[in-house]
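Peer 1: Below is a structure I'd like to ask you about.
The values are calculated or read from the model by the stated rules, or taken from the named source; none is laboratory data. Small disclaimer: the values here were computed from a predicted structure and weren't measured. Positions of Cβ are generated from backbone atoms using ideal geometry, with glycine treated the same way; all protein chains shown enter the neighbour counts. Heavy atoms of the whole protein, side chains included, go into the accessibility calculation; ligands, DNA and RNA do not. Shrake-Rupley method; radii C 1.70, N 1.55, O 1.52, S 1.80 Å.
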Amino acid sequence: VQLQAFGGGLVQAGGSLRLSCAASGSIFSNNIMGWYRQAPGKQRELVATMTSRGITVYADSVKGRFTISRDNSKNVYLQMNSLKPEDTAVYSCHLMVTSTFVRYWGQGTQVTVSS
């Protein structure tokens, strides 16, 4: 299984970005896909996840600003609005097969929010 993320970039505070992640390979349909981020000098943290049945989890810091969505068992998106400088981080796509707890990670995509 491979995960390919797209959509990072540089944006001013208050702006928006949309991240996309596409999974390829043999993927169980029951899974959780989502996004984590890691800022310089900080631990990786969960941003948002969504199960294949549509159940979502958001970090408190992004609630009301970020929206996660999926269009099937292989693609996940993160709409990021009202971006803040503290959202600056490398964002990584993640997939976990719920029946086996096997995890897959994509390469990170840099999101930089200027003040």
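Peer 1: Can you give me the number of residues within segment 24-36 that are surrounded by fewer than 22 Cβ atoms within 10 Å (Cβ to Cβ) and either within 17 Å of Tyr77 (Cβ to Cβ) or touching a His at 6+ places or on another chain (Cβ under 7 Å) (or both)?
Peer 2: Total satisfying the criteria: 4.
Peer 1: For segment 78-107, name all the residues that are open to solvent by 40 Å² or more (accessible area, probe 1.4 Å) and either within 12 Å of the chain's Cα centre (by Cα) or β-branched (Val, Ile, Thr) (or both).
Peer 2: Scanning segment 78-107 gives Gln79, Val90, Thr98, Thr100, Val102, Trp105, Gln107.
Peer 1: Looking at (1) on the phi < 0 side of the Ramachandran plot; (2) modelled with pLDDT of 95 or more, which is the only condition Gly64 fails?
Peer 2: (1)
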